[in-house]
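These notes concern the structure reproduced below.
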Amino acid sequence: MAAVTDRRHTDLYVSAATFLSEHGLHPDPAAYLAHGYVDLCLSAWPGSSGARLDLATRWAVWTWLADDVLDGELRDAEPATVPVFVHALIVALNGKRQDEGPHGARPVVRALCALSRETQASMPEAWWRRYREQVIDWIDAAAAKLVRFVQPARVPSLSQYLALRPADGGMLLAAMWCEVAEECVTPQWTAPVVRLLLDAFSTVGYLANDLAAAVAVAVDGDRFGVVDALEVAEELTRAQAQEQAREWLAAEERRFQVICRAVRTDPALDEATRQLARSLDRFQWALTAWTATSSRCRPPAGVTEAVPR
């Protein structure tokens, strides 16, 4: 078993590093992958291997890279630059090459074009249409967050936070990576119980991420998070806002587990949907562990929380 695990790790690491290098996505693929992306994907999808695992992992890595552009490279850009970048991404998502323009030559745009073509050719058409819509929702929400809140260093109201964070959190994209990796494309994506499951999965993911990121606010200046929104909306101290956010997360984790068990054990649902519920549960556990240990989610050395937990 250890040999199989080691081989899966080696194969996926080489695949991810090749993806980064062949598209010029990062000058040092080994340094980027040191954040633990390969380990996260292997832990989330233990039964997956080969082309499906490679494809799901490349989408995960690409999404984190695109998020780095929106949260990092474009943070100090003119606001008018952002919609041009968004347009370039959407054109690439449609599989069209762009060799000209201010963003068409960006590695993250070129890589998206190639990845979209590959995915459209290998996945069912209905799934691809659904995934494309989710990617556009994520891009639009991330861009809106950048222009309306991150660039001007504004704290959102709680309603503004809730309007953008579910899409910006990208957890529905992650749910669809689970469908790819574990070959469990559900025909019941829009069924009420599945929507409840996806909503709980998404909420747990973005709340956990926000709580982990809250310690670095003083460093990167990004005040678009659940702790900041609660602190302002509820007129709380930061310690009180963090505690309320942790209570909210704990309640959502319980809700997710209840709905997940209901879907996994419902004989009226098809096997792919029940398998998706199991996959989401594994992904959530893997993501929680990764968030707690990855250097991507930890503040820089020497930085601690402004207030005690």
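The values are calculated or read from the model by the stated rules, or taken from the named source; none is laboratory data. What you see is a predicted model; the values in this text were computed from it and never measured. A quick note on method: Cβ atoms are made from the backbone with ideal geometry, for glycine too, and the neighbour counts reach across all protein chains shown. Side chains are part of the model used for accessible areas, which takes the heavy atoms of the whole protein and leaves out ligands, DNA and RNA. Shrake-Rupley method; radii C 1.70, N 1.55, O 1.52, S 1.80 Å.
Taking a ≥ b ≥ c as the square roots of the Cα gyration tensor eigenvalues, the stretch 111-269 comes out oblate, since a/c reaches at least 1.5 and a/b does not exceed b/c.
What percentage of the solvent-accessible surface of the stretch 85-240, computed with a 1.4 Å probe over protein heavy atoms, is contributed by carbon and sulfur atoms? Numbers along the way, then the final one.
Working: 3210 of 6230 Å².
Carbon and sulfur together cover 51 percent of it.
Across ILE139, ILE259, the residue with the most accessible area heads the list, and the full order at a 1.4 Å probe is ILE259, ILE139.
Determine the calculated [θ] at 222 nm for the chain from helices alone, applying -39500 (n - 2.57) to every DSSP H run no shorter than 4 residues and normalising by the residue count; nearest 500 deg cm²/dmol. So the helix-based figure for the chain works out to -22000 deg cm²/dmol. Ranking ALA141, TYR13, TRP45 by Cα position along the charge dipole of the chain, where only Lys, Arg, Asp and Glu carry charges on their C-beta atoms, puts TRP45 farthest toward the positive end. Taking every C-alpha pair closer than 8 Å and separated by at least 6 residues, the mean separation divided by the residue count of the chain gives a relative contact order of 20 percent. Computed from the coordinates I sent, Cα extents along the principal axes in Å equals one of (1) 52, 49, 38; (2) 58, 42, 42; (3) 52, 51, 41. Tell me the label. Label of the calculated value: (1). At a probe radius of 1.4 angstrom, the accessible area of the chain per residue rounds to 45 square angstrom. Taking a ≥ b ≥ c as the square roots of the eigenvalues of the alpha-carbon gyration tensor, the stretch 1-67 is classed prolate because a/c is 1.5 or more and a/b outweighs b/c.
Here the extension length gained between ALA126 and ILE90 equals 11.1 nm, from 0.36 nm per residue of separation less the Cα-Cα distance. Note on ARG278 and ALA292: the extension gain reaches 2.9 nm, defined as 0.36 nm multiplied by sequence separation minus the Cα-Cα distance. Accessible area of ARG282 (1.4 Å probe, protein heavy atoms only, ligands and nucleic acids ignored): about 80 Å². Charge dipole of the chain (Cα centre as origin; +1 on each Lys and Arg Cβ, -1 on each Asp and Glu Cβ, all else neutral): 400 debye, rounded to the nearest 20. Using heavy atoms of the protein chains and a probe of 1.4 Å, the accessible area assigned to VAL147 is about 50 Å². The candidates SER157, SER48, arranged from most to least accessible area with a 1.4 Å probe in the full protein assembly, appear as SER157, SER48. Full extension of the chain between GLU247 and VAL193 yields a length gain of 17.0 nm, computed as 0.36 nm times the residue separation minus the alpha carbon distance. A simple spin-label model places pseudo-atoms 7 Å from Cα toward Cβ; at ASP137 and GLU118 they are separated by 2.5 nm.
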